[in-house]
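This is the structure, below, for whatever I ask next.
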Amino acid sequence: MAQADRYTELINTPIGKLVQKQVGLPAPVPLKRFSPGDAVVDGRVLLGGAPGGRLAGALAKLVAEIGAEASTPLREDLRAAAAEAGLDAGPWTPAAAATQKYGAIVFDATGITEPAQLEQLHLFFGPTIRRVKRCGRLVVLGTTPEAASTPSEQIAQRALEGFTRAAAKELKAGATGQLVYVAPGAEDQLASTLRFLLSSKSAYVDGQVIRVSAAGAVPQLDWSQPLAGKVALVTGASRGIGAAIAATLARDGAHVVGLDVPALEGDLKAVTGAIGGSALTADITAEDAPRTIAAYLKKEHGGVDVVVHNAGITRDKTLGRMDEARWNSVIQVNLGALQRITDALIAGRRRAVLNENGRIVCVSSIAGIAGNFGQTNYATSKAGVIGVVDAYAPLLARQSATINAVAPGFIETQMTAKIPFATREAGRRMNSLSQGGLPVDVAEAIAYFASPASTGVTGNTVRVCGQSLLGA
Ligand code: NAD
């Protein structure tokens with residue numbers, strides 16, 4: 001744990017476990033985080049699907065690629081898909097489920113075209129949900145409801161959201177559950193999303209819905225260095241979440257240009273120096289900042305592939321007591337500067353500073369989804385950030401670029417360490433994993449969006465909040 005989460009440390013000692021069980025206290029388990037060289041899935045994968053689904057082939061291919069052992073029900077279509085993908089899947093029956101533990105259970109629900117068929121979820125997950133390993137994964141794949149062919153199919157597919165979010169709450173011991181809506185024609189766009197959701201890179205992402213749409217071909221990748229040869233700009237990189245983003249993108253092969261205010265130049269250079277990146281100092285709210293940043297990236301690197309808008313501030317006060325300076329500074333740093341810099345980097349299409357197949361990732365907050373006491377300025381700015389994603393996704397699609405946001409919940413940083421004890425404990429525990437996340441959890445979600453393989457992933461806001469109760 002980066003900061004002192006003494007409760008989690010204590011509850012995982014023998015005496016702590018005893019007290020926790022007697023009194024019924026929350027039982028956070030230390031989450032497994034990714035280290036280079038780790039397998040994508042820690043354990044056997046169980047693949048299932050409703051009859052008539054269209055993703056069995058893509059799923060079997062992915063599981064074969066990541067080299068995981070797999071099981072699949074004794075149904076001809078699923079076994080044929082596995083065989084075609086070269087996947088040697090062992091047989092599975094509900095009775096067999098009682099003796100096996102799974103690193104991941106994955107279900108293709110795209111064959112569900114009317115509500116009565118939702119019983120397939122019960123039939124498959126009923127005997128298996130308790131067989132998910134510690135820090136294991138549950139993933140449901142559906143069809144984007146708006147792209148369904150009939151009202152009944154749209155309703156049934158929409159229902160998957162409630163199922164997945166509720167099932168995620170029933171998972172134990174650090175396991176997580178997610179739903180991926182796959183648009184028709186996007187069957188070949190799934191690899192980056194599944195590799196992220198099945199692995200320990202998504203440790204603190206829980207109960208989320210991700211939409212994958214049809215897009216241009218996914219490039220061939222070295223999955224251990226997906227950002228090799230790419231240039232990434234990270235604002236607010238001198239500490240906290242920004243420093244973790246810089247380190248994670250560099251791990252994935254990117255040359256990182258870290259940006260922060262001139263007063264933090266020393267800290268910024270320490271971060272970028274450690275990862276072979278470059279440091280650029282600027283106040284992003286300055287009038288000429290967008291032009292300066294764009295000119296720097298063009299001159300030094302010929303352009304930029306990944307832009308991460310992470311710089312942000314809070315200036316909390318209840319609305320009736322909030323002065324103009326507090327309101328304006330938060331809106332300007334968190335939202336105004338973000339939009340102006342984006343505009344400067346994407347202007348002029350052919351001569352744009354953002355390269356072809358570019359990626360923009362914004363850092364929002366669950367306060368921008370749920371609202372938060374004393375944070376009308378911050379919540380406004382962070383909801384506006386989601387607005388930027390919604391508004392710019394279709395514009396950027398014309399430049400073969402994507403834009404997405406992460407919305408962190410309670411992350412253990414210097415910022416949250418300053419929150420008064422009782423409020424801090426509430427923020428930490430009020431989620432399905434009963435603990436705060438780490439800066440690296442936010443960084444991993446950003447690296448997933450930034451991957452050149454995430455061509456079909458745009459317009460999403462994914463919470464990195466352990467399925468926080470706030471705004472759920
Ligand atoms: P932090 O305060 O540790 O880091 C923010 C960085 O942004 C600092 O280095 C700061 O100097 C830089 N910055 C601020 N104003 C700037 C400006 N005008 N120009 C250039 N740089 C500027 O905060 P953090 O906790 O690491 O948060 C990072 C992002 O994550 C923020 O956008 C924040 O709103 C968001 N967030 C954090 C949490 C959390 O729990 N920590 C939760 C939700 C969202």
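Based on alpha-carbon centroids, what's the gap between the stretch 113-155 and the stretch 339-413 in Å, whole number please?
30
Sticking with this structure for a sec: Report, in whole Å, the centroid distance computed from the Cα atoms of the stretch 213-242 and the stretch 427-472.
When both Cα centres are located, 16 Å separates them.
Please compute the length gained on full extension between A417 and L221, using 0.36 nm multiplied by the number of residues separating them and subtracting their Cα-Cα distance. Spell out each step's value before the answer.
Values: separation 196, 0.36 × 196 = 70.56 nm, distance 3.86 nm.
Using 0.36 nm per residue and subtracting the Cα-Cα distance, I get 66.7 nm.
Under 16 Å from the Cα of K418, which aspartates and glutamates turn up, not counting those fewer than eight places away in the same chain?
D5, D316
Give me the net charge of E425's neighbourhood, meaning all other residues with Cβ under 15 Å from the Cβ of E425; Lys, Arg count +1, Asp, Glu -1. Don't skip to the answer; put the middle values down first.
On the way: positive: R6, K418, R424, R428, R429; negative: D5, E9, E412.
Net charge around E425: +2.
Accessible area of the chain with a 1.4 Å probe: how many percent of it is carbon plus sulfur? Walk me through the intermediate numbers first.
Working: 10740 of 19660 Å².
That fraction is 55 percent.
How high is the FRET efficiency between D390 and E356 when r is their beta carbon distance and R₀ equals 25 Å, given to the nearest 0.05? Mind dumping the intermediate values first?
On the way: r = 23 Å, r/R0 = 0.91.
Once the sixth-power term is evaluated, E becomes 0.65.
A further question on this structure: Rounded, prolate or oblate, given the Cα gyration tensor of the stretch 41-212, with a/c below 1.5 counting as rounded? The partial results should precede the final answer.
Working: a/c = 1.31, a/b = 1.17, b/c = 1.12.
Rounded, since a/c falls under 1.5.
What order do E187, E265, E76 take when sorted by accessible area (1.4 Å probe), most exposed first?
On the way: E187 55, E265 75, E76 160 Å².
Result, largest first: E76, E265, E187.
With a cut-off of 18 Å, note down the residues of the stretch 102-120 whose backbone N falls inside the zone around a label point 7 Å from the Cα of E69 toward its beta carbon.
102-106
Here is a further query. With the cut-off at 1.5 for a/c, could you classify the stretch 332-381 from its C-alpha gyration tensor as rounded, prolate or oblate? Display every interim value, and only then the final one.
On the way: a/c = 5.39, a/b = 2.56, b/c = 2.10.
The shape class here is prolate.
A follow-up question, please. Over the stretch 132-237, what is the mean sequence separation of C-alpha contacts under 8 Å (at least six apart), divided by residue count, expressed as relative contact order in percent?
Details: 146 pairs, mean separation 31.2, N = 106.
Computed over the stretch 132-237, the figure is 29 percent.
Treat each spin label as a single point 7 Å out from the Cα along the C-beta direction, and report the R134 to S149 distance in nm.
Each label point is offset 7 Å from its Cα along the Cβ direction, giving 4.7 nm.
Based on the alpha-carbon gyration tensor of the stretch 142-250 and its eigenvalue square roots a ≥ b ≥ c, which shape applies: rounded if a/c is under 1.5, prolate if not and a/b is larger than b/c, or oblate? Let's see the in-between values first.
Values: a/c = 2.43, a/b = 1.45, b/c = 1.67.
It comes out oblate by the Cα gyration axes.
Using Cα pairs closer than 8 Å and at least 6 residues apart in sequence, work out the relative contact order for the stretch 47-166, in percent.
Details: 182 pairs, mean separation 31.9, N = 120.
Dividing the mean separation by the residue count of the stretch 47-166 yields 27 percent.
While we're here: Just to confirm a number: summing +1 for Lys and Arg and -1 for Asp and Glu over residues other than K298 whose beta-carbon lies under 11 angstrom from that of K298, what do you get?
Local charge sum for K298: +2.
Loop only by DSSP, 16 or fewer other Cβ within 10 Å of the Cβ. Give me the chymotrypsin sites (Phe, Trp or Tyr not before Pro) in the stretch 301-408 that pass, ordered by residue number.
Values: sites: W327, F373, Y378, Y392; in loops: F373.
Passing sites in the stretch 301-408 are F373.
Heads up, I need the accessible area for T413: 1.4 angstrom probe, whole protein in place, Å², nearest 10.
Accessible surface of T413 is approximately 20 Å².
Calculate, for the chain, the solvent-accessible area per residue in square angstrom, rolling a 1.4 angstrom probe over the heavy atoms of the protein chains.
Numbers: 19660 Å² over 472 residues.
Normalised by residue count, the accessible surface of the chain is 42 Å².
Same structure, new question: Run through the stretch 48-110 and list the trypsin sites (Lys or Arg not before Pro) located in a DSSP loop whose Cβ has at most 14 other Cβ atoms within 10 Å. Provide the component values of the computation, followed by the final result.
Details: sites: R54, K61, R75, R79, K101; in loops: R54, R75, K101.
Answer in residue order: R75, K101.
From the gyration tensor of the Cα coordinates in the stretch 315-472, what semi-axes in whole Å does the equivalent ellipsoid have, largest first, with each one equal to sqrt(5λ)? Before the final figure, lay out the partial values.
Numbers: eigenvalues 170, 79, 26 Å².
So the equivalent ellipsoid measures 29, 20, 11 Å along its semi-axes.
If you don't mind, another one. Mind listing the phi-derived Karplus ³J(HN,Hα) values for the stretch 48-57, rounded to whole Hz, using 6.51, -1.76 and 1.60 with θ = phi - 60°, and x for any glycine or proline?
Computed from phi, the couplings for the stretch 48-57 are x, x, 7, x, x, x, 10, 10, 4, x Hz.
Could you list the trypsin sites (Lys or Arg not before Pro) in the stretch 412-447 that lie in coil according to DSSP, counting only those with at most 12 other Cβ atoms within 10 Å of their Cβ? Kindly include the intermediate steps, with their values, before the conclusion.
Details: sites: K418, R424, R428, R429; in loops: K418.
In loop regions of the stretch 412-447 (DSSP not H, G, I, E or B), the sparsely surrounded trypsin sites (Lys or Arg not before Pro) are K418.
Scale the Cα Rg of the chain by the rule-of-thumb value 2.2 N^0.38 Å and send over the ratio, two decimals.
Numbers: Rg = 22.2 Å, N = 472, 2.2 N^0.38 = 22.8 Å.
Expressed relative to 2.2 N^0.38 Å, the Cα Rg reads 0.97.
Pairs of Cα atoms under 8 Å, at least six residues apart: use those to get the relative contact order of the stretch 328-379, whole percent. Provide the component values of the computation, followed by the final result.
Details: 22 pairs, mean separation 17.4, N = 52.
Answer for the stretch 328-379 is 33 percent.
The values are calculated or read from the model by the stated rules, or taken from the named source; none is laboratory data. As the structure is a prediction and not an experimental result, all values here were calculated from the model. FYI the Cβ positions are ideal-geometry reconstructions off the backbone, even for glycines, and counts take in every protein chain you see. Please note that ligands, DNA and RNA were not included when accessible areas were found on the heavy atoms of the full protein model with its side chains. Shrake-Rupley method; radii C 1.70, N 1.55, O 1.52, S 1.80 Å.
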